[in-house]
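**Q** Here it is, the structure in full.
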Amino acid sequence: MAVEAALARAPYASAPGRSRGRLYPEPVSATRNAVRRDCDRIIHATAFRRLAYKTQVFVFHEGDHFRTRLTHTLEVTQIARSLARALGLDEDLAEALALAHDLGHPPFGHAGERALDRCLAACGGFDHNAQTLRVVTALEKRYPAFDGLNLSWETLEGLVKHNGPLTLRDGTPTGSYRERALPHAIALHGRTQDLELWSFAGAEAQIAAIADDIAYDAHDIDDGLRAALFVLEDLAEVPLIRDILSDIRHQHPALDASRLVHELVRRLITQMIEDVIAETGPRLQALAPRSADDVRHAGHPVGGFSPAMAEADRAIKGFLYPRMYRHDRIMRIMGDAERLVCALFARYLERPDDMPAEWAQIVDSGDAAARLRHIADFIAGMTDRYALMEHARLFDSTPELR
């Protein structure tokens with residue numbers, strides 16, 4: 001798609017001036033559109049600040065140069081805005097979705113999520129995407145008139161459905177929720193606001209999800225190399241990476257290893273962004289949507305990689321899974337982290353007064369499931385270091401997670 005297209009808003013882009021509004025009506029801002037206000041509210045949220053000390057792959061104290069949830073979020077945001085700009089979409093909505101997409105992650109990344117999922121097995125489990133919705137609609141308490149951030153309909157819809165529809169038109173859960181039902185937080189919110197869970201999200205949400213994949217691929221390679229979980233020569237088995245490295249070495253034969261890695265990451269991100277633009281543009285042209293709702297009701301995603309890049313994406317993830325995410329060192333640390341989270345959960349369940357007073361007083365509810373979810377809300381909001389401090393306060397021995 002030509003760069004000039006970025007200068008004009010596409011007819012299928014979200015239009016903040018025609019937003020479906022907020023759950024709680026508010027006066028219109030004289031200086032910011034609805035979605036720009038969403039971005040600002042997310043940035044100023046407590047949950048957003050906590051991302052600085054939440055695990056991406058490596059626990060925060062393992063090194064200053066590894067990604068955290070916050071730096072990952074900022075990188076996703078940059079990629080999402082680049083894609084939105086090139087495709088004529090609403091950059092502010094793409095930014096809002098990228099900024100908020102990981103707010104529901106508990107401490108210690110997917111290890112914390114697995115632990116809380118086990119702890120909540122009796123009441124539907126734990127889902128970080130649903131927890132993100134809970135954070136922005138209930139757990140942030142900053143405004144006198146409502147709980148949550150009161151984000152616009154378009155932002156909430158994109159957060160919940162960025163990976164596709166959650167139900168069939170009749171409300172039957174589908175996809176990953178077919179076997180275990182909709183997460184409680186999503187079902188609960190659906191009683192007060194219809195996010196049309198049966199449809200796809202708008203184009204901005206779709207490209208924000210792809211931006212997340214691009215950031216993961218490129219920067220987990222960078223962090224994995226920095227952590228010495230694998231070396232550059234190992235990457236030769238991934239065809240796209242091998243080709244990029246070959247080109248760099250041909251053009252810069254004396255380049256030192258550090259600059260070589262940075263150039264690899266830069267070129268990989270560039271190629272993946274350009275591929276998404278080249279693939280998504282023709283899909284949109286073929287669909288010829290005249291509104292954002294036309295994209296939602298297309299029955300298939302409009303944003304995506306080409307078949308060749310989708311295969312490259314699978315190859316990168318196939319390389320990283322055993323060598324990074326399932327590496328013995330990472331598995332040992334994350335195993336300790338899971339046990340730590342489970343121990344905290346069991347302790348608070350047995351002795352709720354060990355939680356801060358503002359959290360402990362609510363645990364007296366007679367609803368057992370609500371009590372479990374309340375404790376999970378508290379733990380999910382923790383940073384890595386706060387969880388470690390809490391464990392050290394309550395138990396005699398705390399793992400170092402190194």
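**Q** Limited to the stretch 308-344, what total is found for residues that are acidic (Asp, Glu), under 22 Å from Leu225 (Cβ atoms) and modelled with pLDDT of 95 or more?
**A** Number of matching residues: 1.
**Q** Give the stretch 319-344 a look and list any residue that's open to solvent by 40 Å² or more (accessible area, probe 1.4 Å) and of a type in the set (Phe, Trp, Tyr), or say none.
**A** Tyr321, Tyr325
**Q** In the stretch 190-200, is there at least one residue being touching an Asp or Glu at 6+ places or on another chain (Cβ under 8 Å) and among the aliphatic types (A, V, I, L, M)?
**A** For the stretch 190-200, residues touching an Asp or Glu at 6+ places or on another chain (Cβ under 8 Å) and among the aliphatic types (A, V, I, L, M): present.
This table checks each residue for (1) out of contact with any strand residue (DSSP E or B) (no Cβ under 6 Å at 6 or more places or on another chain); (2) open to solvent by 40 Å² or more (accessible area, probe 1.4 Å); (3) aliphatic (A, V, I, L, M).
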residue: Ala185; (1), (2), (3): yes, no, yes
residue: Gly190; (1), (2), (3): yes, yes, no
residue: Ser199; (1), (2), (3): yes, no, no
residue: Gly202; (1), (2), (3): yes, no, no
residue: Ala218; (1), (2), (3): yes, no, yes
residue: Asp247; (1), (2), (3): yes, yes, no
residue: Arg283; (1), (2), (3): yes, yes, no
residue: Leu287; (1), (2), (3): yes, yes, yes
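**Q** Taking the conditions exactly as written (basic (Lys, Arg), open to solvent by 30 Å² or more (accessible area, probe 1.4 Å) and touching an Asp or Glu at 6+ places or on another chain (Cβ under 8 Å)), does Arg347 satisfy them or not?
**A** yes
**Q** Among the residues in the stretch 140-157, are any aliphatic (A, V, I, L, M), open to solvent by less than 70 Å² (accessible area, probe 1.4 Å) and not in a loop (DSSP other than H, G, I, E, B)?
**A** Yes, that holds for at least one residue.
**Q** Mind checking which pairs have a first residue in the stretch 180-193 that is within 16 Å of Leu372 (Cα to Cα) and in a loop (DSSP other than H, G, I, E, B) and a second that is acidic (Asp, Glu) and open to solvent by less than 70 Å² (accessible area, probe 1.4 Å), Cβ under 7 Å, 6 or more apart or different chains?
**A** Pro183/Asp127
**Q** Select from the stretch 191-226 the residues that are of a type in the set (S, T, N, Q) and over 21 Å from Lys317 (Cβ atoms) and write down the one among them that is farthest from the chain's Cα centre (by Cα).
**A** The selected residue is Thr192.
**Q** A further question on this structure: Across the stretch 204-216, what is the total count of residues that are charged (D, E, K, R) and open to solvent by 20 Å² or more (accessible area, probe 1.4 Å)?
**A** Number of matching residues: 2.
**Q** Within the stretch 350-359, is there a residue that is of a type outside the set (D, E, K, R), part of a helix (DSSP H, G or I) and surrounded by fewer than 14 Cβ atoms within 10 Å (Cβ to Cβ)?
**A** Yes, because at least one residue in the stretch 350-359 is of a type outside the set (D, E, K, R), part of a helix (DSSP H, G or I) and surrounded by fewer than 14 Cβ atoms within 10 Å (Cβ to Cβ).
**Q** Could you say whether any residue in the stretch 365-387 is open to solvent by 50 Å² or more (accessible area, probe 1.4 Å), free of Cβ contacts under 8 Å to residues at least 40 places away in the same chain, at negative phi and of a type in the set (Phe, Trp, Tyr)?
**A** No: the stretch 365-387 contains no residue that is open to solvent by 50 Å² or more (accessible area, probe 1.4 Å), free of Cβ contacts under 8 Å to residues at least 40 places away in the same chain, at negative phi and of a type in the set (Phe, Trp, Tyr).
**Q** I've got another one for you. Which of the residues spanning the stretch 34-60 are open to solvent by 60 Å² or more (accessible area, probe 1.4 Å) and either modelled with pLDDT under 95 or touching a Cys at 6+ places or on another chain (Cβ under 8 Å) (or both)?
**A** Tyr53, the sole residue that qualifies.
**Q** How many of the residues in the stretch 190-212 are among the aromatic types (Phe, Trp, Tyr) and out of contact with any Ser or Thr (no Cβ under 9 Å at 6 or more places or on another chain)?
**A** Count: 1.
**Q** Does the stretch 98-133 hold any residues that are open to solvent by less than 10 Å² (accessible area, probe 1.4 Å) and either assigned to a helix (DSSP H, G or I) or of a type in the set (Ser, Thr, Tyr) (or both), and which are they?
**A** Residues satisfying the conditions are Ala98, Leu99, Ala100, Gly109, Ala111, Gly112, Ala115, Leu116, Ala130, Thr132, Leu133.
**Q** Still on this structure, please answer the following. When only residues in the stretch 164-179 that are open to solvent by less than 40 Å² (accessible area, probe 1.4 Å), touching a strand residue (DSSP E or B) at 6+ places or on another chain (Cβ under 9 Å) and in a loop (DSSP other than H, G, I, E, B) count, which is nearest to His128 (Cα to Cα)?
**A** Leu166
The values are calculated or read from the model by the stated rules, or taken from the named source; none is laboratory data. As the structure is a prediction and not an experimental result, all values here were calculated from the model. Neighbour counts are summed over all protein chains in view; Cβ atoms, including those assigned to glycine, are modelled from backbone coordinates with ideal geometry. Calculation scope for accessible area: heavy atoms of the full protein, side chains included, ligands and nucleic acids excluded. Shrake-Rupley method; radii C 1.70, N 1.55, O 1.52, S 1.80 Å.
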